[in-house]
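Peer 1: Have a look at this one before I ask anything.
Where a number appears in this text, it was derived from the coordinates with a stated rule and is not lab data. Computed from a predicted model, the values in this text were never measured in an experiment. Ideal geometry is used to build each Cβ from the backbone, glycine not excepted, and the neighbour counts take in all protein chains shown.
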Amino acid sequence: MRKISLISHTAASIVSSCFLLTQGQDTITAKISIAVEPLNPVAGHGVTLTPGVVLEDFKRCRWYRGVTAESEDLIFTHIPPFYVMGVACTLRETIGPGCSLHIRNLVPEDSGIYTVTLDEGGMLSTTGHVDMEVSEILSRPVLLPVESVLAENRSVTLRCSTSDSSNVKVFWFKNGELLQAQAGLSEQNRTLTLAGASEDELGTYTCEARNPISNAISNPSVISE
Ligand SMILES: *[C@@H]1O[C@H](CO)[C@@H](O)[C@H](O)[C@H]1NC(C)=O
Ligand SMILES: *[C@@H]1O[C@H](CO)[C@@H](O)[C@H](O)[C@H]1NC(C)=O
């Protein structure tokens, strides 16, 4: 841990800062929040990430794609009024007021953690992180096989093909009813294996993909005797 020592002087002898760091190169680091607008960013659209509290006269700010401030993840260095692109810049990013980061024409790969660092001059530095998830408007999942015969003790595996994004959930329906806590679900619910153990398994199945901004229902799959 870094140590901060308070130097006491007489009121007359000290004018501005009364904080001193025991190691000169070390900085005082404060955490800030980052607002994401809109809350659920959509592929093809834009997003603005705005640091919570920014001093008007910050000396330098930097944005990174990633959880740590590594130079290979640097998007921008902004030393008002100038800015310099980093290697992680995709040319879709711009800097706005208060060192906000705007990314246009989002792609799902933009999802992840973003880090901002703000140097307020001298030894004061501020860091913030935000996890941003880009959602796509889901197209209709494809459920295969479209039909199948279920023989006793012969399992059948239904496969629901949709986005493999971590924010896409898959739900299954049999004859229009949601299957809850269903045995045989695997691969993040992308597959459903019917064991062929009971006639209860016969029916018409559909799967539904959902993410924070959309949902889509598959074609039916008919399982008969
Ligand atoms: C299916 O499995 C059950 C339990 O293991 C067994 O009793 C039954 O004979 C099997 N049926 C067929 C057609 O193999
Ligand atoms: C899997 O399905 C269950 C039951 O419907 C649901 O509660 C769960 O959130 C689903 N998980 C994923 C990753 O789709």
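Peer 1: For ILE32 and HIS129 in the same chain, what is the full-extension length gain: residue separation times 0.36 nm, less their Cα-Cα distance, in nm?
Peer 2: Length gained between ILE32 and HIS129: 34.1 nm.
Peer 1: Scan the range 115-152 for GluC sites (Glu not before Pro) in coil per DSSP, keeping those whose Cβ has at most 11 other Cβ atoms within 10 Å, and list them by number. The partial results should precede the final answer.
Peer 2: Details: sites: GLU120, GLU133, GLU136, GLU147, GLU152; in loops: GLU120, GLU133, GLU136, GLU152.
Filter output for the range 115-152: GLU152.
Peer 1: Right, here's the next one. From the backbone phi of the range 154-163, what are the Karplus-calculated ³J(HN,Hα) couplings (6.51 cos²θ - 1.76 cosθ + 1.60, θ = phi - 60°) in whole Hz, Gly and Pro given as x?
Peer 2: My calculation for the range 154-163 gives 10, 6, 10, 10, 9, 10, 9, 8, 8, 4 Hz in order.
Peer 1: Once you keep just the Cα pairs under 8 angstrom separated by 6 or more residues, what percentage relative contact order results for the range 32-132?
Peer 2: Values: 228 pairs, mean separation 33.5, N = 101.
Computed over the range 32-132, the figure is 33 percent.
Peer 1: Evaluate E = 1/(1 + (r/R0)^6) for GLU177 and GLU199, where r is the Cβ-Cβ distance and R0 equals 22 Å; express this FRET efficiency to the nearest 0.05. Write out the running numbers ahead of the final one.
Peer 2: Details: r = 16 Å, r/R0 = 0.74.
Rounded to the nearest 0.05, the efficiency is 0.85.
Peer 1: Between GLN188 and LYS169, what is 0.36 nm times their sequence separation minus the Cα-Cα distance? Round to one decimal in nm.
Peer 2: 6.1 nm
Peer 1: For the range 32-132, just the Cα set please: Rg and Dmax, both in angstrom.
Peer 2: Final numbers for Rg and Dmax: 12.5, 40 Å.
Peer 1: Also: Report the convex hull volume per residue for the range 88-225, counting only C-alpha atoms, in Å³.
Peer 2: Considering the Cα atoms of the range 88-225, their hull volume per residue is 143 Å³.
Peer 1: For VAL142, which sequence-distant residues (separation of 5 or more, or a different chain) have an amide H within less than 5 Å of its own amide H, given hydrogens modelled in the peptide plane?
Peer 2: Excluding prolines and chain starts, which carry no amide H, the hits are SER161.
Peer 1: Still on this structure, please answer the following. Want the number for LYS59 to SER139: 0.36 nm per residue separation, take away the alpha-carbon distance, what's left?
Peer 2: In short, 24.2 nm is gained.
Peer 1: Once phi is turned into θ = phi - 60°, what whole-Hz ³J(HN,Hα) does the Karplus curve with 6.51, -1.76 and 1.60 give for every residue of the range 78-89, x standing for Gly and Pro?
Peer 2: So the Karplus estimates, Gly and Pro as x, are 10, 10, x, x, 9, 9, 10, 6, x, 5, 8, 7 Hz.
Peer 1: A follow-up question, please. For the range 175-192, in order, what is each residue's ³J(HN,Hα) by Karplus, 6.51 cos²θ - 1.76 cosθ + 1.60 with θ = phi - 60°, in whole Hz (x at glycine and Pro)?
Peer 2: Couplings: 6, x, 9, 4, 8, 10, 6, 7, 6, x, 7, 8, 6, 6, 6, 6, 10, 10 Hz.
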